[in-house]
Each structure stands twice: as structure tokens, then as C-alpha cells.
Amino acid sequence: MKMEEIESALVPLKEQLRQHELYTELTSIADVRIFMENHVYAVWDFMSLLKGLQNQLTCTTIPWKPVENTNTARFINEIVAEEESDQNEKGQYKSHFEMYTDAMEEVGANTLSIREFLEQVSGMERIEETIDALQESHAVKDFLQFTFHVLKTNESHKIAAAFTFGREELIPDMFLKIIDRAGEEAYPKLGYYLKRHIELDGDDHGPLSLKMIQELCGDDGKKWKDVLQYSQEALQQRINLWDFIASKIKKQSLATV
């Protein structure tokens with residue numbers, strides 16, 4: 001099994017995401033607020049997957065020692081540099097997570113829940129308990145629990161699978177259409193974040209992630225099967241999260257009629 005076979009096998013799940021009703025439900029800034037308040041947890045746990053890969057593929061301890069594969073070290077360090085310390089619309093260095101929460105505040109979305117959650121996060125030993133105590137939906141909590149299950153495998157190819165194939169599609173395009181209708185100058189932080197997200201994913205991080213998986217799996221058939229399994233599970237978790245957010249937006253729309 002190789003990358004072409006993986007991508008072919010993932011087509012049905014990716015199509016479910018591309019055709020998801022969430023995209024037709026996102027029509028206003030009020031809808032964007034609901035989406036961001038739930039999706040922010042996926043932005044945060046993406047950063048956790050990223051740092052998990054950096055811990056696995058580079059030397060993050062002292063004394064320093066050279067790593068076995070400098071190709072994968074280079075790939076992940078390139079991604080970390082931009083995801084953890086990119087420039088925002090004002091040229092200030094910020095992580096993409098911080099840029100996202102700044103954009104949430106700009107559109108009037110509530111960031112209190114995610115901030116309180118992060119105050120409770122103390123380490124990997126109790127992360128499942130911290131997630132269970134979170135006052136959010138089962139869809140959000142299940143999404144997070146899956147991510148940390150993957151991280152606790154300590155197997156870089158499995159973490160890379162969730163990191164590479166479990167990400168969202170089409171959302172930036174939908175948001176940009178809503179922003180265009182409102183006037184781009186109304187939401188500069190969100191507009192900049194989305195365009196930067198599209199630029200990096202398409203031109204840099206997406207291709208680098210695929211190269212990373214290729215390097216990690218090589219000719220090991222078992223690892224390629226693991227990549228498929230964990231990619232499918234990651235995409236299904238994304239679909240479940242989208243199902244919940246779409247239902248919440250519909251309920252909100254009915255309540256305001």
C-alpha cells in the first residue's frame with residue numbers, strides 16, 4: 001500500500017466532508033460564531049499533534065543528539081515555525097491558534113470556554129480527565145479524546161496520519177464568502193487568518209505532510225495500513241464534529257425565526 005492507495009481509499013470520507021450540509025448552513029457571521037466556538041478545540045489539538053510530531057521526529061531534549069531521519073526533522077520544523085510563530089495581519093509573531101482566538105473575539109465569538117479549558121490542562125497524564133470535565137458536546141470531547149489516544153501511541157506514522165488527513169476542507173472558502181458579503185474591512189483578523197491558512201496548507205504544509213508520511217512508512221506495509229486506519233478514524237471524527245455544529249446552527253436559526 002502506498003500514498004496513491006491511501007488517498008483513493010479516503011475518497012468516500014473526504015466526499016462526505018466536501019458535501020456536508022454544514023457548508024450550506026454557514027451563511028452569516030452568527031453561524032461563523034457558533035462554528036468557531038466549537039471548532040477552536042480542533043485548532044488547539046492540531047497544535048498538539050504538531051508538537052507530538054516534533055517531539056518524535058526531532059531532538060527536543062538536552063543533551064542534543066542527531067536524529068535518525070533529518071528529512072522528517074526538516075519537514076516538521078518548517079511546519080512548526082509557521083504554525084507556532086507566524087506573523088499576523090499586523091506583522092506580530094503569533095501561533096495560528098492565537099490568531100484564531102483573536103479572530104473569534106473580532107467576530108464576537110465566545111473564547112471563555114477554550115481559555116478556561118487551557119487553564120485546566122496540566123499535562124498528558126490527566127488529559128483524558130480534563131477533556132471529560134469539559135463543558136462541551138460529546139462531539140467535541142470525542143474529537144479531542146481521539147487525538148490524545150493517537151498521541152499516546154508514541155508512533156510517529158500514526159500521529160502523522162491524523163495530522164495530515166484529519167484536517168478540514170472548504171471551510172476557509174465558505175468563511176471568505178461570508179466576509180466578502182460583510183465587507184472584508186469589517187473582519188481583518190479573520191480574513192487574514194483564512195487566507196494565510198489556505199496559502200500554507202496548499203503550497204507548503206500539505207505537500208510537506210505527505211512527504212513526511214512517505215518517509216515514515218517507506219516500504220513497511222504494516223505502517224501504511226496503520227496510516228489508512230488512523231486517517232479514516234480522524235476523518236470520521238471530523239464528520240461527527242461537523243454533524244454536531246451543523247445541527248447547532250440549524251437550532252439557532254430556528255430559534256431566531
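The values are calculated or read from the model by the stated rules, or taken from the named source; none is laboratory data. Everything numeric here is computed off the predicted structure, so don't read it as measured data. Virtual Cβ from ideal backbone geometry, glycine too; neighbours counted across all protein chains shown. Just the protein is used for accessible areas: all its heavy atoms, side chains included, with ligands, DNA and RNA removed. Shrake-Rupley method; radii C 1.70, N 1.55, O 1.52, S 1.80 Å.
Spin-label model, Arg181/Gln120: points 7 Å from Cα along the beta carbon direction are separated by 3.5 nm. Across region 55-152, the relative contact order, built from alpha-carbon pairs under 8 Å that are at least six residues apart, equals 11 percent. Result for the chain in a Gaussian network model with C-alpha springs under 10 Å: among Asp201, Asp219, Asp31, the largest mean-square fluctuation is at Asp219. For the set His197, His149, His157, the ranking by accessible area, highest first and with no ligand, DNA or RNA atoms included, is His149, His197, His157 under a 1.4 Å probe. Largest to smallest in accessible area, the residues Thr72, Thr27 fall in the order Thr27, Thr72 (1.4 Å probe, all protein chains included). Taking the chain as a Gaussian network, Cα atoms linked when under 10 Å apart, which of Val11, Val227, Val107 shows the biggest mean-square fluctuation? Per the Cα network of the chain with a 10 Å cutoff, Val11 tops the list.
Checked against a 25 Å cut-off, the cross-linked pairs Lys14/Lys222; Lys152/Lys195; Lys152/Lys222; Lys141/Lys177 give Cα-Cα distances beyond that limit for Lys152/Lys195; Lys141/Lys177. Estimated translational diffusion coefficient (Stokes-Einstein, Kirkwood radius over Cα pairs, 20 °C, 1.002 mPa s) of region 142-257: 131 µm² per second. Working from the Cα coordinates of the chain, the gyration tensor eigenvalues give, after taking √(5λ), semi-axes of 30, 21, 19 Å in decreasing order.
Estimated at 0.36 nm per residue, the fully extended path between Glu78 and Gln229 surpasses their Cα-Cα distance by 51.7 nm. Under a model in which nothing but the beta-carbon of Lys, Arg (+1) and Asp, Glu (-1) is charged, the chain shows a dipole of about 240 debye around its Cα centre.
Compute the angle between helix 138-152 and the longest alpha-carbon principal axis of the chain, please, reported from 0 to 90 degrees and rounded to the nearest 10. The helix 138-152 is inclined about 20 degrees to the chain. Dividing the summed helix terms, -39500 (n - 2.57) for each DSSP H run of n ≥ 4, by the number of residues in the chain produces a 222 nm estimate of -23000 deg cm²/dmol to the nearest 500.
Quick check: the angle from helix 221-255's long axis to the longest principal axis of the chain, C-alpha only, nearest 10 degrees? That works out to roughly 10 degrees. Measuring r between the beta carbons of Arg33 and Met3 and using R0 = 22 Å, the FRET efficiency lands at 0.05. On a 0 to 90 degree scale, rounded to 10, what angle separates helix 29-57 from the longest Cα axis of the chain? With rounding to tens, the tilt is 10 degrees.
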